[in-house]
1. Tally time: how many residues in the range 89-140 are among the polar types (S, T, N, Q) and either modelled with pLDDT of 95 or more or more than 20 Å from the chain's Cα centre (by Cα) (or both)?
2. If you take just the helices (runs of 4 or more DSSP H) that sit entirely in the range 46-112, which of them hold at least 2 residues that are among the basic types (Lys, Arg)?
3. I'm trying to understand the selection: among the residues of the range 244-254, which are assigned to a loop (DSSP other than H, G, I, E, B) and either crowded, with 20+ Cβ neighbours inside 10 Å or without any contact (Cβ under 8 Å) to a residue 24 or more places away in the chain (or both)?
4. Exactly one of (1) over 26 Å from Gln336 (Cβ atoms); (2) surrounded by 20 or more Cβ atoms within 10 Å (Cβ to Cβ); (3) modelled with pLDDT under 95 is unmet by Asn227. Its number?
5. Criterion first (over 20 Å from the mean Cα position of the chain (by Cα) and either surrounded by 13 or more Cβ atoms within 10 Å (Cβ to Cβ) or in contact (Cβ under 8 Å) with a residue 24 or more places away in the chain (or both)) does Gly319 satisfy it?
6. Report whether or not Leu213 is part of a helix (DSSP H, G or I) and either within 11 Å of the ligand (Cβ to nearest atom) or crowded, with 18+ Cβ neighbours inside 10 Å (or both).
7. Kindly evaluate Asp147 against the criterion of being surrounded by fewer than 21 Cβ atoms within 10 Å (Cβ to Cβ), within 16 Å of the ligand (Cβ to nearest atom) and assigned to a loop (DSSP other than H, G, I, E, B).
8. State yes or no: is Met160 buried (at least 22 other Cβ atoms within 10 Å of the Cβ) and either of a type outside the set (Ser, Thr, Tyr) or assigned by TED's automatic domain parsing to the domain that holds Cys20 (or both)?
Amino acid sequence: MQQSVLEQMQSMGHEQVMFCTDPHTGLNAIIAIHNTTLGPSLGGTRLWNYNSHEDAITDALRLSRGMTYKSAISGLNLGGGKAVLIGDASKLKNEAYWRRYGRFVNNLGGKYITAEDVNTSSKDMEYIAMETKHVTGVPEYLGGSGDPSPVTAYGVYVGMKAACKKVYGSDSLSGKRVLVQGAGNVGRTLIDHIVEEGGKVLLSDINENNIKLVTQKHSSVEVLNNNEIFNADIDIYAPCALGASVNTDSISKLKCAIIAGAANNQLADENVHGPMLVEKGITYVPDFLINAGGIINISVEMEGYNRARAIAIVDKIYGRTLENFELAAKENIHNQLAAMRMAEKRIADIAKVKTGL
Ligand code: NAD
């Protein structure tokens, strides 16, 4: 039997979930606040046509928990939150819709700070900013940091290099065959970094336009048939499309040594697929560790944006990835679990500092 919302919140450790509806604009929103020990919860607003309200709630709960881990492991003074808006982006998005949503965000008094995510843009954040100051990722012409994707991509590149250091003894991507699944905002910049360093990119996407944007720039990129990607002969798999692509079926076929990509919730079930990757000898770079570039960028925006400072913090993903591998080896656990323990330890340590107990 499906757990109730409160039962799911209790089992995953959520503090608060707010449900919002507005018949005039068609807004249906779920704002999930997972943990605010380290600071206000921050996470993007996702607009998606979910099959059911249950699916939307589960997504909001999983994604907000992921944000807690992502900020904690990255050393940020932020908690985890996420908003999920239900509906068809092409029909709903307009000024009134975003401003109504902005008012709901404002009602939380800064406990939740929003940002861009799937189907939301800097322009949408600009409308939200008309109703609340608790919004980040606003356009550069308003003093914001703009699209975080290039910084996320850089962080993935850095984490990928750290994994190469562990597996091959050198962090160079030269000559490495990398399957990039998803040529979106993050995937395309990641491909630039890999090609620049002499890596061979194999690409899969369901969007022909995005494929073209890559192949017109890099003639060396090989486009794969989407149904056969996991049979390809590769060194590294970089999931940069949707979550849950690392599952029992894909793991049984994958012929890579490393998985390092941008997507959130890459493991369909961390308790099953984390250990399965260890058994197969595949080094997995935990998703919330490697894809933290965007949130790091946004956290810098909150202090007054400076790109060089953001990049310097993102560079730390390299050392943190190696630290994660060491902890997993020492405790004989899979890398995702080791990353969760790294994040949980920081939250517990800082909670003690804050309470003085
Ligand atoms: P995007 O929407 O710009 O790109 C996603 C790409 O994946 C699109 O080109 C899409 O056509 C493709 N795609 C979708 N389903 C696919 C499939 N089954 N097979 C192959 N390709 C498929 O998104 P993005 O901003 O590039 O983000 C990529 C991933 O990284 C997402 O999961 C996102 O949640 C995550 N992420 C992004 C950021 C960021 O800063 N943008 C930060 C952290 C995590």
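1. Total meeting the criteria: 6.
2. It comes to 53-73, 95-107.
3. Ser245, Leu254 - these are the residues of the range 244-254 that are assigned to a loop (DSSP other than H, G, I, E, B) and either crowded, with 20+ Cβ neighbours inside 10 Å or without any contact (Cβ under 8 Å) to a residue 24 or more places away in the chain (or both).
4. Condition not satisfied by Asn227: (2).
5. Answer is no for this residue.
6. yes
7. yes
8. It is true that Met160 is buried (at least 22 other Cβ atoms within 10 Å of the Cβ) and either of a type outside the set (Ser, Thr, Tyr) or assigned by TED's automatic domain parsing to the domain that holds Cys20 (or both).
The values are calculated or read from the model by the stated rules, or taken from the named source; none is laboratory data. If you're wondering where the values come from, they're calculated on a predicted model, not measured in any experiment. Every residue, glycine as well, gets a Cβ built from its backbone with ideal geometry; the counts of neighbours run over all protein chains shown.
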